[in-house]
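Okay, so here's the structure we're looking at.
The values are calculated or read from the model by the stated rules, or taken from the named source; none is laboratory data. Everything numeric in this text was worked out from a predicted model, so none of it was measured. Here the Cβ positions follow ideal geometry from the backbone for every residue, glycine too, while neighbour counts run over all protein chains shown. Note: accessible area is taken over every heavy atom of the protein model, side chains too, but ligands, DNA and RNA are not part of it. Shrake-Rupley method; radii C 1.70, N 1.55, O 1.52, S 1.80 Å.
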Amino acid sequence: MRRSTGLSDRGSPTVRRRRLGQELRRLRERAELTGDQVAAQLGWSAAKVSRIETAKTSPRKADVEALLETYEVDSGQRQELLDLHQDAARKGWWEDYQSSLPHEYTTLLGLEVEATFARNWEPQVVPGLLQTEDYALEVVKAVQPITRFAQGGVRSRVEARMARQQIILREDEPLTLWVVLDESVLLRGFGGGAVMRGQLGRLLTVSRLPNIRIQVLPLDAGHPVNTGSFLHLKFPEFHDVVYLESLFGARFVEEEETVYGYEIAFDRLQAEALDVDASRELIRKSIERWK
């Protein structure tokens, strides 16, 4: 049985870990120390220092204290960072799925909880945040024979996807989501007519929410960006992150100049797409195709 999602709690330990690592790296650089030098002083491997700074591992409190001592951090800032470490050590609802979902995906779930704004380009399928359960099941089943994850993982992936959607529905500051879909998404069937009617109907419903904006890039429009799907997340106290997913994995882009490139790409896509009202009308007409 799965734990309660607890999505009303906006604090995300995933974001806290990244913020902690980012701050520890800043303090090391301020102290004019290399990772190798810190590792030598503490009797660690350089890889351990790197894993902590990049949030690839969750450090113990003693590890954080040792780093703060090495960097000669004053007592006030030291307590702030130890409090941040305590928050980072908490468990998020998505971590219940770590054994059945890719690491990058559970990291995304943790990041989304604290994001305030997301921009999503999807050229092939309805975005996961807007999928119905039936549609999500068909999408996951379609890739299972190729990627060969365990059959039991199908249900876990669908459950996690449905739980994930609470971030756009919560009453307290829901995620603002701006989506651009290629028109082919409306025409590509997953699970037959009933599933597609339900899915397109959901797009119409959520498109009326004040925090959701959906635009469709029509097939006869110019296509200014030849790229796969991407999800650009913005945070109130953390740098932007772009999530890129492929058939056999995913990765995060955090380098500022590259992230800005994806922002420009999205701007060009939405400029070529139909406006919100025209997009809604095209979705409505597409439902008739599946009757």
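Among the residues of the stretch 145-162, is any closer than 18 Å to V206 by Cβ and loosely packed, with under 12 Cβ neighbours inside 10 Å?
Within the stretch 145-162 (the criterion being closer than 18 Å to V206 by Cβ and loosely packed, with under 12 Cβ neighbours inside 10 Å), the answer is no, since none of the residues qualifies.
Kindly state which helices (runs of 4 or more DSSP H) lie completely within the stretch 77-190 and contain at least 2 residues that are over 20 Å from the mean Cα position of the chain (by Cα) and β-branched (V, I, T).
So the answer is 133-147.
Among the listed residues A250, A271, which satisfies the condition of being touching a helix residue (DSSP H, G or I) at 6+ places or on another chain (Cβ under 6 Å) and either assigned to a strand (DSSP E or B) or open to solvent by 40 Å² or more (accessible area, probe 1.4 Å) (or both)?
Answer to the check: A250.
Quick test for you: out of L244, L233, L200, L217, pick the one residue that is of a type in the set (A, V, I, L, M, F, W, C) and under 19 Å from E138 (Cα atoms).
Answer to the check: L200.
Between L219, L209, which is in a loop (DSSP other than H, G, I, E, B), touching an Asp or Glu at 6+ places or on another chain (Cβ under 9 Å), aliphatic (A, V, I, L, M) and open to solvent by 30 Å² or more (accessible area, probe 1.4 Å)?
L219
Going residue by residue through the stretch 123-135, is there one that turns out to be under 24 Å from E281 (Cα atoms), free of Cβ contacts under 8 Å to residues at least 40 places away in the same chain and open to solvent by less than 20 Å² (accessible area, probe 1.4 Å)?
yes
Does the stretch 47-65 contain any residue that is of a type in the set (D, E), assigned to a helix (DSSP H, G or I), closer than 23 Å to I167 by Cα and touching a Gly at 6+ places or on another chain (Cβ under 7 Å)?
Kept after step one, since they are of a type in the set (D, E), are these residues of the stretch 47-65: 53, 63, 65.
Keeping just the survivors that are assigned to a helix (DSSP H, G or I) gives 53, 63, 65.
Going one step further and asking which of them are closer than 23 Å to I167 by Cα, we end up with none.
Checked the stretch 47-65: no residue is of a type in the set (D, E), assigned to a helix (DSSP H, G or I), closer than 23 Å to I167 by Cα and touching a Gly at 6+ places or on another chain (Cβ under 7 Å).
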